[in-house]
Amino acid sequence: MGKTLAEKIFSEHVGKDVKAGDIVIAKVDIAMAQDGTGPLMIKEFKEMGFKEVKVPKAFLFIDHASPSPKKELSNSQKMMREFGKEMDVRVYDAGDGISHQILAESYVKPGDLVAGADSHTCTAGGLGAFGTGMGSTDVAIIFGLGQNWFKVPETIKIVISGKLQKGVYAKDIILEIARLLKSDGATYKALEFHGDCIEGMEVEDRLTISNMAVEVGAKAGLMPSDEKTKEFLKKMGREEDFRELKADPDANYEMEVEIDASSLEPLISFPHYVDNVKKVSEVEKEKIKIDQVFIGTCTNGRLQDLEIALRILEKHGKHPDVRLIVGPASRKVYMDALEKGIIKKFVELGAAVIPPGCGPCVGIHMGVLGDAERVLSTQNRNFKGRMGNPNAEIYLASPATAAATAITGYVTDPRRFI
Amino acid sequence: MIKGKVWKFGDNISTDHIAPGRYFHLRNNLEELAKHVLEDAMEDFAKRVKKGDIIVAGKNFGLGSSREHAARIIKIAGVSCVVAKSFARIFYRNAFNVGLPLIELKEVDEINQGDELEIDLENGILKDLTTGKEYRFNPIPRFLLEILKEDGIVNYLKKHGTFPRV
């Protein structure tokens with residue numbers, strides 16, 4: 001019997017053949033925590049008496065509340081920097097950007113096992129790595145021992161075929177998956193993506209899909225490592241990190257889901273759950289007024305996302321009642337967007353361009369909503385209170401839908417402007 | 001044996017309901033953060049919950065972020081056990097790691113707010129002392145029971161130096 005990608009990656013990290021359902025002790029390649037989970041991770045690392053960091057690549061990211069808006073947070077961040085120095089762990093600080101984007105740009109290799117104290121660590125699946133989110137204590141154990149226990153997950157095979165229509169993007173694919181599987185449809189399981197739509201897709205878009213695997217409960221969202229992966233790694237200046245990695249054709253899947261990409265339309269997730277998905281074309285007539293549009297995050301804050309949004313916005317301009325916030329996902333994205341004149345154009349259009357980081361998405365600072373306000377965001381979650389106010393409403397969609405909405409001031413199908 | 005009074009919650013209680021992002025600055029002060037536990041699902045829960053009480057919820061309890069603080073503040077608030085139709089994966093693991101037992105029970109709808117429960121974790125028996133009904137749940141895997149016995153993985157590793165045998 002052949003292996004799924006999850007089974008292959010775990011077998012390599014355990015040192016023997018393992019299969020779905022096995023509980024194993026596996027070595028971890030990359031481990032990280034961010035400023036929301038890092039301080040507790042450090043506390044538990046010390047509590048367990050560890051004296052050195054044993055995972056090959058360990059990082060701390062100050063990306064959630066960054067630069068710090070509050071003294072309590074500044075003190076936690078100070079503690080992270082001190083730990084970084086003491087343990088020789090690299091700390092990415094204010095202005096560097098979001099953990100998942102930096103890991104994808106600079107560190108993640110196909111076949112890696114990546115454990116992060118952040119639920120969206122599954123983003124690494126876009127490069128054919130098993131990335132999974134864990135709690136602070138689990139990551140502290142990995143920092144200290146270089147390994148932890150895992151259950152090798154069953155896998156759901158998702159076959160996406162056909163060509164996306166104009167105005168429809170990777171974000172719409174993962175929203176369709178959320179609609180189909182619901183928020184717990186893949187709990188304890190891995191998703192594995194197949195089909196000609198995926199084969200033709202750039203890694204940047206694959207990262208968007210893998211990023212939201214956790215929104216259907218999945219432990220990982222695995223893409224094949226192929227020519228597209230090689231192209232991406234080459235672009236990042238690390239072609240030598242490439243290896244081809246695919247599931248065996250006779251691997252065993254718990255379930256198979258087929259999606260015809262050509263039949264998809266722009267989709268939108270309504271408050272307060274990601275799986276509350278509707279067609280933008282069907283809700284457009286309701287003229288749902290939007291106060292704030294946020295284009296950014298680890299889901300959709302890459303260069304291509306900013307380009308798509310700008311292309312739509314620049315012809316028509318922003319509605320005067322909409323606050324537009326743009327957040328590049330990393331320093332590299334920010335630099336590339338600067339060089340291409342994208343940032344200048346956004347500023348001219350009336351946008352607030354914020355430093356690379358998680359920003360409004362986590363509800364701590366920058367872009368916290370007022371009571372009864374509505375935001376349309378390109379992020380991955382719309383839980384009640386997520387963006388800092390439980391009396392506000394969060395809608396999730398693609399950068400194109402976000403841009404179209406910023407033009408009209410209400411939820412709008414981007415195909416009108418393409 | 002766990003014994004306590006029931007607090008009922010619905011489906012899909014997220015980590016944002018349990019530990020809202022607007023209290024992010026309290027994450028290094030868990031006693032303070034615990035005063036807001038589950039605030040966005042039941043406003044005065046933290047004030048009303050008593051030591052030993054039991055949360056009974058619907059499906060997918062704890063979905064969302066990896067914040068272990070969510071499981072920790074439920075425990076700090078005094079909750080002795082969470083019973084739900086199902087749990088989100090990261091929360092499930094975090095809870096056992098910090099010594100908070102979780103039970104999956106499909107008949108949660110039959111249990112009411114305020115009922116008195118008695119739970120035998122090792123044998124997988126839950127008794128509703130108020131209604132007189134008795135339920136059997138899949139016993140917690142031995143691996144996780146070992147961690148619970150030491151009140152969490154940190155104590156377990158400190159004492160035994162290695163993971164429980166799988």
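The values are calculated or read from the model by the stated rules, or taken from the named source; none is laboratory data. Everything numeric here is computed off the predicted structure, so don't read it as measured data. Quick reminder, even Gly has a Cβ in these numbers, built from the backbone with ideal geometry, and neighbours come from all protein chains shown. SASA here: full protein model, heavy atoms, side chains in, ligands and nucleic acids out. Shrake-Rupley method; radii C 1.70, N 1.55, O 1.52, S 1.80 Å.
Assuming R0 = 60 Å, what is the FRET efficiency of A:GLU199 and B:LYS5, from their Cβ-Cβ distance, to the nearest 0.05?
0.60
Considering Cα pairs under 8 angstrom that are at least six residues apart, work out the relative contact order of chain B and quote it in whole percent.
Details: 349 pairs, mean separation 37.2, N = 166.
RCO, chain B: 22 percent.
Quick check: Cα centre of segment A:1-55 to Cα centre of segment A:371-418, how many Å?
A separation of 36 Å, based on Cα centres.
In Å² (nearest 100), what accessible area is buried between A and B, both sides summed, heavy protein atoms only, 1.4 Å probe? Please list the in-between numbers first.
Numbers: alone 16190 and 8720 Å², together 21040 Å².
Summing both chains' loss of accessible area gives about 3900 Å².
Compute the orientation-averaged projected area for segment B:61-120 from the convex hull of its Cα atoms and round it to one decimal in nm².
Over every viewing direction, the Cα hull of segment B:61-120 projects on average to 4.3 nm².
Roll a 1.4 angstrom probe over the protein heavy atoms and tell me the percent of accessible area of segment A:334-408 that is carbon or sulfur. If you can, show how the numbers build up before the last one.
Numbers: 1160 of 2270 Å².
Here carbon and sulfur together make up 51 percent of the probe-accessible area.
Which pairs, out of A:LYS228/A:LYS289; A:LYS182/B:LYS85; A:LYS8/B:LYS158; A:LYS57/B:LYS158; B:LYS5/B:LYS133; B:LYS59/B:LYS133, put more than 27 Å between their alpha-carbon atoms?
Working: A:LYS228/A:LYS289 39 Å; A:LYS182/B:LYS85 15 Å; A:LYS8/B:LYS158 32 Å; A:LYS57/B:LYS158 24 Å; B:LYS5/B:LYS133 15 Å; B:LYS59/B:LYS133 21 Å.
Over 27 Å apart, Cα to Cα: A:LYS228/A:LYS289; A:LYS8/B:LYS158.
What's the percent breakdown of Cα-Cα distances in the protein assembly as shown across 10 Å bins, shortest bin first?
Distribution as computed: 4, 18, 29, 28, 16, 5, 0, 0 percent.
If a/c stays under 1.5 just call it rounded; otherwise compare a/b with b/c (prolate if a/b is bigger, oblate if not). Do that for segment A:293-418, with a ≥ b ≥ c from the square roots of the Cα gyration tensor eigenvalues. List each step's numbers first, then the result.
On the way: a/c = 1.75, a/b = 1.21, b/c = 1.44.
Oblate is the answer for segment A:293-418, as a/c is 1.5 or above yet b/c matches or exceeds a/b.
Computed on alpha carbon atoms, what radius of gyration and Dmax characterise segment A:1-156, expressed in Å?
15.6, 56
Keeping every protein chain present and rolling a 1.4 Å probe, give me the accessible area per residue for segment A:17-144 in Å².
31
At 0.36 nm per residue, minus the direct Cα-Cα distance, what do A:ARG81 and A:GLU282 gain on full extension? Give it in nm, one decimal, please. Provide the component values of the computation, followed by the final result.
Details: separation 201, 0.36 × 201 = 72.36 nm, distance 4.91 nm.
Between A:ARG81 and A:GLU282, full extension yields an extra 67.5 nm.
When the accessible area of segment B:15-166 is split by element with a 1.4 Å probe, what percent falls to carbon and sulfur? Mind showing how you got there, number by number?
Numbers: 2730 of 6080 Å².
Answer for segment B:15-166 is 45 percent, counting heavy atoms of protein chains only.
Can you give me the relative contact order of chain A as a percent, contacts being Cα pairs under 8 Å and 6 or more apart? It would help to have the intermediate numbers written out before the result.
Values: 1068 pairs, mean separation 73.6, N = 418.
Worked out over chain A, it gives 18 percent.
Spin-label point model (7 Å from Cα, Cβ direction): what's the A:SER74 to A:ASP371 distance in nm?
Output for this residue pair reads 3.1 nm.
If you take every DSSP beta bridge fully contained in segment A:112-219, what fraction is antiparallel? Give it as a percent rounded to 5.
Values: 0 of 9 bridges.
The answer is about 0 percent antiparallel.
Keeping every protein chain present and rolling a 1.4 Å probe, give me the accessible area per residue for segment A:153-272 in Å². Before the final figure, lay out the partial values.
Numbers: 4440 Å² over 120 residues.
Counting only protein heavy atoms, the per-residue value for segment A:153-272 is 37 Å².
Would you calculate the separation in nanometres between label points at B:THR131 and A:VAL347, each defined as 7 Å from the Cα along the Cα-to-beta-carbon direction?
In this crude label model, B:THR131 to A:VAL347 measures out at 6.3 nm.
How long are the semi-axes of the ellipsoid equivalent to segment A:244-334, from square roots of 5 times the Cα gyration tensor eigenvalues, in whole Å, largest first?
On the way: eigenvalues 197, 91, 34 Å².
Sorted largest first and rounded, they come to 31, 21, 13 Å.
Which one of A:ALA329, A:GLY200, B:PHE91 is farthest out on the positive end of the charge dipole of the protein assembly as shown, using unit charges on Cβ (Lys, Arg +1; Asp, Glu -1) and the Cα centre as origin?
Comparing the listed Cα positions along the dipole, A:ALA329 ranks first.
Taking only complete DSSP H runs, can you tell me which helices of chain A stretch 18 Å or more along their own long axis by Cα positions and average at least 0.0 on the Kyte-Doolittle scale? Mind dumping the intermediate values first?
Details: long enough: A:71-87 (24 Å, -1.38); A:303-316 (20 Å, 0.03).
Counting only whole DSSP H runs, the qualifying helices are A:303-316.
Anything over 25 Å Cα to Cα? Flag those among A:LYS171/A:LYS318; B:LYS8/B:LYS35; A:LYS85/A:LYS219, in the order listed.
Values: A:LYS171/A:LYS318 22 Å; B:LYS8/B:LYS35 18 Å; A:LYS85/A:LYS219 31 Å.
As for pairs spanning more than 25 Å Cα to Cα, those are A:LYS85/A:LYS219.
Taking R0 as 22 Å, what FRET efficiency do you get between A:LYS163 and A:GLU307 from their Cβ-Cβ distance, rounded to the nearest 0.05? Write down the numbers at each step before the final one.
Working: r = 20 Å, r/R0 = 0.90.
Plugging the Cβ-Cβ distance into 1/(1 + (r/R0)^6) gives 0.65.
Check the straight Cα-Cα distances from A:LYS70 and name the lysines below 18 Å, setting aside those fewer than 8 residues away within the same chain.
A:LYS78
Using a 10 angstrom cutoff on alpha carbons, build the Gaussian network for chain B and name the most mobile of B:VAL108, B:VAL79, B:VAL154.
Ranking B:VAL108, B:VAL79, B:VAL154 by mean-square fluctuation puts B:VAL154 first.
If you roll a 1.4 Å probe over the heavy atoms of the protein chains, what accessible area per residue do you get for chain B, in Å²?
Values: 6700 Å² over 166 residues.
I get 40 Å² per residue for chain B.
Given points 7 Å out from each Cα along the Cα-Cβ axis, report the A:ASP248 to B:GLU150 separation in nanometres with one decimal.
Here the modelled spin labels are 3.6 nm apart.
Whole-Hz ³J(HN,Hα) for each residue in segment A:281-298, computed from phi via Karplus 6.51 cos²θ - 1.76 cosθ + 1.60 with θ = phi - 60°, x for glycine and proline: what do you get?
Values per residue, Gly and Pro as x: 4, 7, 9, 4, 5, 6, 6, 6, 5, 10, 8, 9, 10, 10, 10, x, 6, 5 Hz.
With an 8 Å Cα cut-off and a minimum separation of 6 or more residues, compute the relative contact order for segment A:320-418 in percent. Write out the running numbers ahead of the final one.
Working: 143 pairs, mean separation 20.6, N = 99.
Worked out over segment A:320-418, it gives 21 percent.
Rank B:SER65, B:SER14, B:SER80 by mean-square fluctuation in a GNM of chain B with C-alpha springs under 10 angstrom and give only the top-ranked residue.
Checking each option, the largest mean-square fluctuation is seen for B:SER65.
Hey, could you get me the Stokes-Einstein D for segment A:99-240, Kirkwood radius over alpha-carbon pairs, 20 °C and 1.002 mPa s, rounded to whole µm² s⁻¹?
Working: Rh = 15.2 Å.
So the translational diffusion coefficient is about 141 µm²/s.
For segment B:1-157, what is the Kirkwood hydrodynamic radius in Å, using each pair of distinct C-alpha atoms? It would help to have the intermediate numbers written out before the result.
Details: mean 1/r = 0.0649 Å⁻¹.
One over the average 1/r among Cα pairs gives 15.4 Å for segment B:1-157.
Between segment A:253-321 and segment B:1-68, what's the alpha-carbon centroid distance in Å?
Centre-to-centre (Cα) distance: 31 Å.
Show me, for segment A:246-263, the HN-Hα J-couplings you get by feeding each phi into the Karplus relation (A = 6.51, B = -1.76, C = 1.60, θ = phi - 60°), rounded to Hz, glycine and proline as x.
9, 5, 6, x, 9, 5, 9, 10, 6, 7, 10, 10, 10, 10, 8, 4, 5, 8
Using θ = phi - 60° and the Karplus curve 6.51 cos²θ - 1.76 cosθ + 1.60, what whole-Hz ³J(HN,Hα) does each residue of segment B:38-51 get, with Gly and Pro shown as x?
6, 4, 7, 10, 8, 3, 9, 3, 4, 6, 8, 5, 10, 4
Counting only DSSP beta bridges with both residues in the protein assembly as shown, tell me the antiparallel percent, nearest 5. List each step's numbers first, then the result.
Working: 23 of 80 bridges.
So the antiparallel bridges in the protein assembly as shown amount to around 30 percent.
Average the reciprocal distances over every distinct pair of alpha-carbons in segment A:160-270, invert the result, and give the Kirkwood radius in Å.
On the way: mean 1/r = 0.0680 Å⁻¹.
That comes to 14.7 Å for segment A:160-270.
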